[in-house]
Amino acid sequence: MFAASLGALLTHSIDYAGIFPPCSLGLESALENQARYVRDPDAWMLNNFVLPVEKFDAAANSISLFDPKHPLRISALGGKSANKDEFLLALKIAADKIKSFSADHVDLVSISQLEMPLPQDVDLESLARIGSILKSSELQAFWETPVDSAENTIALLAEHNSSAEGRPFGYKLRTGGVTADAFPASPQIARALVASAKARVSIKFTAGLHHPIRQFRDEVKTKMHGFLNVLGAAVLAAEHGWDDEQTSKMLEDENASSFSFSDDSFTWREWKITTDQIKARRKLVTSFGSCSFNEPREDLCALKLLTD
């Protein structure tokens, strides 16, 4: 059992990235996990399986684990590129592989997202060419850049989206890693959240959001951001027009009692958002990648936000 507002905040929120650090599972083991998770009572929290396009062929060996009622939902991950020309080439390859893999496994595979790091020299003209490559697909694309360029990239994506005919582009923000230096400061995340809310650019997150509430973790020797902090700050910042400072305050909060969920609303300290408005805001605050699906829900159970 769980409050409706928590359900609204976390429905399809976790992209399972089991093959990535720190879990670093083998592909077959991770896909076996995914096949169990899609049939689990907590599957409502599960979103896509993060799968690099170069591993599509290897993943084909495990497709039989899934069925039409429980398909393998994929967020395809493209490779890094040094410049916009390399990016366009890599994107064409990724788009072809996505189309082919989907056609080979109709009813068993659903590829709804594409994630790729965006090189620094990408401009509006490049984004238009990118849009042309993806025009015939139904993919929701999220482009990742270093956190210190998040605001500029979000502004560029918003400018593209304002005149593009295809599906609007989203932004992917890295919120951690396996070492302390991989975790951006709260003000950096806050600036990205505020920028995406103001520009109405979809945002998703990756890495470091294993736990609901911000806390120090000895395995990384730093404080890890909490997924309730990040997702909650994203929807509240959009709802109330928060500035960077106010958003950063919520990201910094390590007190679980500051977060309250009911069927009608979610409250952080004196700030509130209704369940219906969370659902509306979640259209632009999509999901976070985690190498563990168990850890987030075990922590939610420990906080008594989830119960049997």
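What the table below lists for this structure:
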| item | result |
| --- | --- |
| Unpartnered cysteines - no second Cys beta carbon under 4.7 Å - across the chain | 301 |
| Of 69/272; 80/172; 80/198; 84/221, those spanning more than 25 Å from alpha-carbon to alpha-carbon | 69/272; 80/198; 84/221 |
| Whole-angstrom gap from segment 12-88 to segment 226-245, using each part's C-alpha centre | 28 Å |
| Helix-only CD estimate at 222 nm, as mean residue ellipticity for the chain, using -39500 (n - 2.57) per DSSP H run (n ≥ 4) | -12000 deg cm²/dmol |
| Under-5 Å amide H pairs with residue 222, H placed in peptide plane, nonlocal only | 217 |
| From phi via Karplus (6.51, -1.76, 1.60), per-residue ³J(HN,Hα) for segment 271-278 in Hz, x at Gly/Pro | 9, 9, 9, 6, 4, 5, 6, 4 |
| 20 Å cut-off, amide nitrogen to a point 7 angstrom out along residue 110 Cα→Cβ, residues in segment 1-38 | 7-18, 31-38 |
| Nonlocal amide H pairs with residue 141, under 5 Å, H built at 1.01 Å | 114, 170 |
| Enclosed volume per residue, in Å³, of the convex hull spanned by Cα atoms of segment 26-105 | 98 Å³ |
| Cα gyration tensor shape of segment 45-162, rounded if a/c is under 1.5, else prolate or oblate by comparing a/b with b/c | prolate |
| Integer Hz, Karplus 6.51/-1.76/1.60 couplings in order for segment 106-117, x for Gly and Pro | 4, 6, 9, 10, 10, 10, 10, 10, 10, 10, 8, x |
| Alpha carbon convex hull of segment 167-264, volume per residue in cubic angstrom | 107 Å³ |
| DSSP H segments from the chain that extend 27 Å or more along their own axis, Cα-based, with Kyte-Doolittle mean of -1.0 or above | 84-104 |
| Listed residues 111, 93, 213, most fluctuating in the chain (Gaussian network, C-alpha, under 10 Å) | 93 |
| Length-normalised contact order for the chain - Cα pairs under 8 Å, 6+ apart - percent | 21 percent |
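Every number in this text was worked out from the coordinates using simple rules, so none of it is lab data. Source: prediction; values computed, not measured. When we count neighbours, we look across all protein chains shown, and the Cβ atoms used for this are built from the backbone with ideal geometry, even at glycine.
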